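The values are calculated or read from the model by the stated rules, or taken from the named source; none is laboratory data. Not measured: the values here are computed from a predicted model. Every residue, glycine as well, gets a Cβ built from its backbone with ideal geometry; the counts of neighbours run over all protein chains shown.
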Amino acid sequence: MIIKQLSRRQFSVLASRLAAGFAAFSSFGGCSAPSPGNKTFSDLAAKIAGDVITRDHESYAERRRNLIWQLRKTDRRPDAIVQATSLEDVISTVKFAAQNSMKTGIRTGGHSWVHSSVRDGGIVLDMSRFRDLAVDAENKTAVVGPAIYARELAAVLGRQGLGFPMAHCSTVPLGGYLLGGGQGWNWGSWGGAACNSVLGLEAVTADGEPVRVDEKNHPDLLWAARGSGPGFPAVVTNYHLKLYPLPRAIHLSSHTWPLQDTLAVSEWLPEVGLALADKVELFMFLLGLPEPVDGASKVVNVTAVAFADTEKEARELLSPISATRPAAKPIMSEEVKPVMFDDLFNLVDLSFPPCRTAADTFYFDISMRDVMEKYVDHFATAPSPMSNVLCEVKPKPIHLPDTAYSMRRLTFLSPYSFWMDENEDEQNIAWMRRTQEILAPLSVGHFVSEADLEASPTRSERSFSQANWQKIQALKNKYDPNGVFHTFLGH
Ligand SMILES: Cc1cc2nc3c(=O)[nH]c(=O)nc-3n(C[C@H](O)[C@H](O)[C@H](O)COP(=O)(O)OP(=O)(O)OC[C@H]3O[C@@H](n4cnc5c(N)ncnc54)[C@H](O)[C@@H]3O)c2cc1C
């Protein structure tokens, strides 16, 4: 376990972050207004095996709250929450929505920071029971339901010496993650964005037809499934995935400096990024600490994970880190530590606890140093010590295959405002708004899966190349001409 390899001080810092993350739950007012179409919904309830929960149902408030993973919930109120338990349930629900001119939001894990699937009126189709998991180890393929979580998939594949670029947080399911492109573990050497490893899918279209989607059948839908996110015009009931041999000796190196060293560290990041092989994943984090370390309560951390097969290879892969490190002395360091996939999830989960959240994402054509020069002082003012910013650089030439996923640039920032107390909403949201004011004018695009799609009517459009955005709209018109499924929030 990575925790055993951390110093006592590092462990106590990480442990207190985790404890803070689980300390409280949000309060949320219930809703009891009658739904206009209960009579109609009882027809659907009679047809399907899963629950149909309308607004007047005693468990509606709780079920609506539980649709959303983070603790800051939306006020939007769908007319009904439909828990699908089978393909037949999905088909009946989609046909019902089409016949009754009701819009449907599709939800699997509810991780969308902006609660994309939960809208006012209409239906939320809950796909969280779609949990098939069949691995063909010989052919390195798997059929996986959208509701299988990253940690579950890693565990099952790991036992067979296989891997897949799952999300960095253990609790993220494949459902919306793969549709949004999927920025996953080891994506540098496991085929790029995780959606590139989607060989095909089983889906239900807006007219309630089950379809098989692959290179031969509806290839345009496969193109869209690889990155269009909430623009995808069908319900995914299973993914067919390409798998990879699991590296046998994963190691990480990690260094942490006081926040005032951010410019030096961010200047170094592209330099070391160029020197590192594709088997090494490199992140920079701006982090708050619950208690100061060597006088620093806000820090900049760089972590590199080498997906190697031997310790010797890992040492070689990580050697550019220690060889080129900035002169400033780190206040915490780990050098070439062996880790398992579980350890990686544990480590990242510490920085992404279930709490009240406001998030956004920004791509830039300018360097990390230039972005930090304008931004780091504002990070220092974050009211909550839990808030952090994930930063990545891509200094090597970027070659994206022809998929809907089309936004990747030199510099990437994903700021997260995390807090626990509802009374602190205003100050933490204001901090995120100011973050957006600083970063938006410098940026050239967004990552659709984690962008604040409501911050601007162009957030979703700017998450794609212009040609791909037009193609996504055309496919939406082709496969869902009557708008049975919701599209991008805020657009
Ligand atoms: C803690 C945390 C960590 C994260 N880490 C990463 C990461 O490492 N890499 C990364 O790329 N992203 C990451 N994300 C973002 C994540 O990928 C998206 O939030 C994604 O939408 C999560 O999938 P979901 O099924 O929970 O989405 P939901 O919130 O359930 O749905 C979001 C949207 O996805 C679509 N959708 C969901 N399920 C289906 C389905 N079965 N069929 C058709 N459409 C569907 C719908 O349009 C829906 O509106 C993270 C998010 C969180 C909260």
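Here are the numbers for the structure shown:
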| read-out | value |
| --- | --- |
| Verdict on Trp257 being buried (at least 20 other Cβ atoms within 10 Å of the Cβ), assigned by TED's automatic domain parsing to the domain that holds Pro395 and under 27 Å from Ile398 (Cβ atoms) | no |
| Out of Leu201, Leu222, sole residue that is more than 13 Å from the ligand (Cβ to nearest atom), at pLDDT 95 or above and either more than 18 Å from the chain's Cα centre (by Cα) or in a loop (DSSP other than H, G, I, E, B) (or both) | Leu222 |
| Among the residues listed as Tyr405, Tyr375, the single one being modelled with pLDDT of 95 or more, buried (at least 16 other Cβ atoms within 10 Å of the Cβ) and assigned to a loop (DSSP other than H, G, I, E, B) | Tyr405 |
| Complete set of residues in the range 118-136 that are surrounded by fewer than 24 Cβ atoms within 10 Å (Cβ to Cβ), within 15 Å of the ligand (Cβ to nearest atom) and in contact (Cβ under 8 Å) with a residue 60 or more places away in the chain | Arg119, Gly122, Arg129, Asp132 |
| Selection status of Pro353, free of Cβ contacts under 8 Å to residues at least 24 places away in the same chain, within 30 Å of Arg72 (Cβ to Cβ) and not in a helix (DSSP H, G or I) | no |
| Flag for Ala98 being out of contact with any Cys (no Cβ under 9 Å at 6 or more places or on another chain), farther than 18 Å from Ala225 by Cα and either within 12 Å of the ligand (Cβ to nearest atom) or not assigned by TED's automatic domain parsing to the domain that holds Asp342 (or both) | yes |
| Residue ranges of strands (runs of 3 or more DSSP E) in the range 18-121 with at least 3 members in contact with a Lys or Arg (Cβ under 9 Å, 6 or more places away or on another chain) and modelled with pLDDT of 95 or more | 80-83 |
| Residue in the range 177-194 that is at positive phi, polar (S, T, N, Q) and surrounded by 19 or more Cβ atoms within 10 Å (Cβ to Cβ) present | yes |
| Test: residue in the range 409-420 that is surrounded by fewer than 14 Cβ atoms within 10 Å (Cβ to Cβ) and either over 24 Å from Arg119 (Cβ atoms) or within 16 Å of the ligand (Cβ to nearest atom) (or both) | no |
| Single condition Leu269 does not satisfy, out of (1) surrounded by 19 or more Cβ atoms within 10 Å (Cβ to Cβ); (2) over 30 Å from Val299 (Cα atoms); (3) of a type in the set (A, V, I, L, M, F, W, C) | (2) |
| Total residues in the range 465-491, condition away from the ligand (no atom under 15 Å from the Cβ), under 14 Å from His446 (Cα atoms) and either modelled with pLDDT under 95 or part of a loop (DSSP other than H, G, I, E, B) (or both) | 1 |
| Test for Ala314: is it more than 23 Å from the chain's Cα centre (by Cα), in contact (Cβ under 8 Å) with a residue 40 or more places away in the chain and surrounded by fewer than 19 Cβ atoms within 10 Å (Cβ to Cβ) | no |
| Qualifying residue in the range 150-168 (condition: more than 8 Å from the ligand (Cβ to nearest atom), charged (D, E, K, R) and surrounded by 23 or more Cβ atoms within 10 Å (Cβ to Cβ)) | no |
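One line per residue, one yes/no per condition, for (1) within 25 Å of Val144 (Cβ to Cβ); (2) buried (at least 17 other Cβ atoms within 10 Å of the Cβ); (3) within 16 Å of the ligand (Cβ to nearest atom):
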| position | (1), (2), (3) |
| --- | --- |
| Ala234 | yes, yes, yes |
| Leu241 | yes, yes, yes |
| Tyr244 | yes, yes, no |
| Pro247 | yes, yes, no |
| Asp261 | no, yes, no |
| Met284 | no, yes, yes |
